[in-house]
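FYI, it's all coordinate maths here, none of it is from the lab. Nothing here was measured: the structure is a model prediction, and the numbers come from that model. As a convention, Cβ positions derive from the backbone with ideal geometry for all residues, glycine included, and neighbour counts pool all protein chains shown.
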Amino acid sequence: MQKWATRMVGKLRAQPNSKELSADNAAGRGSRHMTQLDHYLAFYESRECPGYAVFITGEWGIGKTFQVKRAIPDDRCYYVSLFGMQSASEIFAAVFASMFPATAKRKADADSHKDVSALGFPIGALNWQLENIFIRDKVETDRVIIFDDLERCKIKPTDLLGVINRYVEHHKCRVIVIAHDGKLPKKLLEQQEKIFGQVIKVIPEVEAAYTEFAKEFGNGSENDPLFRFREDLVSLFKESQVGSLRILRHVMEDTVRLYNCLLEEQRNHPEATREIIRLVAALDFEARAMRIKPEDIRDRVGRQLIYEMERRNREGEAELPEPAFVTAQNRYQTVQLESTLLSDGLLQEILFEGVYDAKRIAGSVAASVYFANPTELPSWRVFIEFQSQPDNVAEAAKTRMEQEFRDREVLEPGEMLHVFALRLMMAQNDLLPESPPEIAAECRAYIDDLRAANRLKPTPMTWDDREDLSRAYAGYGYWVEEPYRAQFEGIFGYLSDERKAVMLDQLKDAGPGILHLVETDGETLYSRLNHTAKGGATYADVPVLAEIQPADFVASWMRSHPKNWYWIQNAISARLRPAVPQELSDELAWVDRVVLELEAEAQRANGIRALRIRRHLPRNPTRINEEELQG
């Protein structure tokens with residue numbers, strides 16, 4: 001019977017017979033396109049006692065249940081989910097409840113009262129067994145039985161197949177089983193041929209599923225985002241290759257939430273709305289498929305740029321692992337994931353926290369080149385988008401940027417780097433008369449002039465305040481091309497060095513404040529010199545102590561109240577342990593000199609004071625390591 005059924009299905013697929021077509025018409029399916037699955041299930045439903053079950057398989061979320069129940073709706077099937085079931089009795093009871101809901105309800109009510117069962121048997125061990133037998137054997141064959149979530153059932157494979165086989169062989173039922181075969185136990189897969197006469201792998205019907213989901217989340221009007229951007233969302237879903245219609249459903253719901261955050265004027269701008277919808281939808285597919293994490297969204301532009309740079313530098317060497325964000329970008333041909341319409345922080349909230357802050361989202365879009373007045377945006381922000389700007393707007397931005405350069409008006413380091421990179425690009429493409437090396441010299445002179453006028457921003461003293469400017473700023477990667485890359489990297493390094501020098505100059509003025517804390521407030525001194533839960537670590541990442549004369553430091557220490565000594569000693573030691581950070585390496589020699597000064601103080605002191613000084617000597621971690629090695 002099984003082999004015949006399989007051969008018969010092959011013929012039906014090649015040339016549907018009149019019986020199948022009449023079944024289709026009787027089911028009212030003629031109004032929509034029939035799939036191969038529709039054809040086969042119509043045939044199977046028309047059989048009176050086929051003698052075999054049908055196995056429907058496919059990835060999770062691909063729409064298996066949706067397609068099966070569309071072909072065989074609720075009024076023509078007995079549907080049972082096997083999710084979490086742990087015994088054959090549970091399955092028999094679930095099938096009975098689906099076939100005889102009224103009787104099953106009476107039984108549940110009777111069980112709760114514990115008097116007489118719904119089937120007329122007085123409660124008792126023997127009668128309980130009779131009732132179970134009745135439930136197993138009381139079966140209707142007028143409809144197809146559909147067992148769903150087979151892979152999530154906790155029953156032993158042999159027992160599970162035995163239950164299915166009982167309905168197929170003993171009761172002559174038509175049975176359809178839905179499961180993800182990639183998650184089924186090996187034993188069950190080995191024995192499936194004994195019961196299943198046909199195995200069908202479901203292909204997702206994206207268009208049909210989209211239509212159903214749009215009815216759920218959309219309003220059907222021309223302004224409905226699911227109507228306006230149907231083609232975009234379906235295209236992105238296919239490009240994503242996630243396959244799961246469940247994920248598509250979530251992304252569609254998220255699209256409506258995002259669209260509702262936009263202002264009316266923003267919704268009426270087709271290019272801007274399309275860009276933001278496509279950007280978030282593509283990243284949403286990636287996030288829900290767990291292919292990107294929150295950290296992959298941070299510095300999107302920079303990640304791609306640094307990867308390309310490193311890849312070129314490693315030509316001929318081992319293949320460089322591709323960052324998740326770069327892999328994601330390579331999947332999509334019709335959307336730029338580096339779009340700056342939404343900041344990295346906003347995208348992280350939307351994708352991984354489910355937070356849609358309408359005010360901030362609309363504000364971010366309003367500040368984009370689509371809506372902001374070009375004269376109110378930084379000139380580089382307008383010019384960097386010259387490929388999508390009218391000639392007069394781009395030309396005006398170029399002129400304004402050059403004037404700002406001559407007048408030394410741009411002070412933010414990230415904006416300066418954008419201006420420098422764009423000027424190099426213009427020189428490379430004959431938009432400026434100078435050559436890239438000449439432009440590089442002009443940019444260095446720009447930095448020198450700012451420093452001479454005390455207008456160059458220093459490197460922030462704490463790591464917490466430092467922004468990574470190595471690859472991008474304000475969501476835009478620097479426009480750096482290979483012919484002038486060396487010039488840009490030279491300018492970048494020069495700017496970094498000069499800003500660090502300005503910061504070190506500022507440290508020289510910090511000495512009196514540090515000495516005052518040594519003398520008056522050891523605990524606050526500790527928090528200024530080290531990262532603590534309370535924050536306020538002003539000098540934790542810079543060698544401020546190396547700028548103070550060791551004799552002056554020790555003199556202030558000796559004038560301090562003894563309650564401060566613990567904090568002073570630990571403020572020094574904690575900075576240099578367990579390993580000495582590179583940026584604090586200048587303080588190693590300073591610690592040695594402080595120790596010498598303290599030892600001299602101990603020799604001049606007597607009694608308890610001398611002991612106290614010796615017990616509070618800070619130890620150089622380099623010396624400690626040497627002592628351990630010698631020991």
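Structural remarks
- FRET efficiency for residue 359 and residue 496, using Cβ-Cβ distance with R0 set to 25 Å, rounded to 0.05: 0.10
- Between residue 449 and residue 274, the C-beta separation translates, for a Förster distance of 45 Å, into a calculated FRET efficiency of about 0.55.
- Structure note, pairs 172/194; 156/194; 457/534; 64/105; 359/534: Cα-Cα distances above 20 angstrom occur for 457/534; 64/105; 359/534.
- Cα-projected label distance for residue 75 with residue 322, points at 7 Å along beta-carbon direction, nm: 5.1 nm
- Contour excess over end-to-end distance, with Cα ends at residue 531 and residue 596 and 0.36 nm allotted per residue: 20.7 nm
- Extension gain, residue 506-residue 579: 0.36 nm per intervening residue step, less the Cα-Cα distance, totals 23.7 nm.
- In this structure, the amide hydrogen of residue 196, modeled 1.01 Å from its nitrogen in the peptide plane, lies closer than 5 angstrom to those of 53, counting only residues at least 5 positions away or on a different chain.
- Residue 438 versus residue 165: modelled label distance in nm, points set 7 Å from Cα along the beta carbon direction: 8.9 nm
- For the pair residue 217 and residue 203, the difference between a 0.36 nm per residue extended length and the Cα-Cα distance amounts to 2.7 nm.
- Here the dipole of region 321-429 is about 140 debye; that uses its Cα centre as origin and unit charges on the Cβ of Lys and Arg (positive) and Asp and Glu (negative).
- Inter-site label distance for residue 102 and residue 239 at 7 Å from Cα along Cβ, in nm: 5.7 nm
- For residue 148, distant residues with modelled amide H under 5 Å away: 80, 81, 82, 178
- Relative packing of 385-398, 480-493, which averages over residues the other C-beta atoms within 10 Å, highest first: 480-493, 385-398
- Using only side-chain charges placed at the Cβ, +1 for Lys and Arg and -1 for Asp and Glu, the dipole size of region 376-506 relative to its Cα centre rounds to 220 debye.
- Over region 376-506, relative contact order from alpha-carbon pairs under 8 Å, at least 6 apart, %: 27 percent
- Cα gyration tensor, region 348-414 - rounded (a/c under 1.5), prolate or oblate: prolate
- Overall form of region 308-459 per C-alpha gyration tensor (a/c, 1.5; a/b vs b/c): oblate
- Tensor-based shape of region 509-630 (alpha-carbon gyration tensor, a/c under 1.5 rounded, otherwise prolate or oblate): oblate
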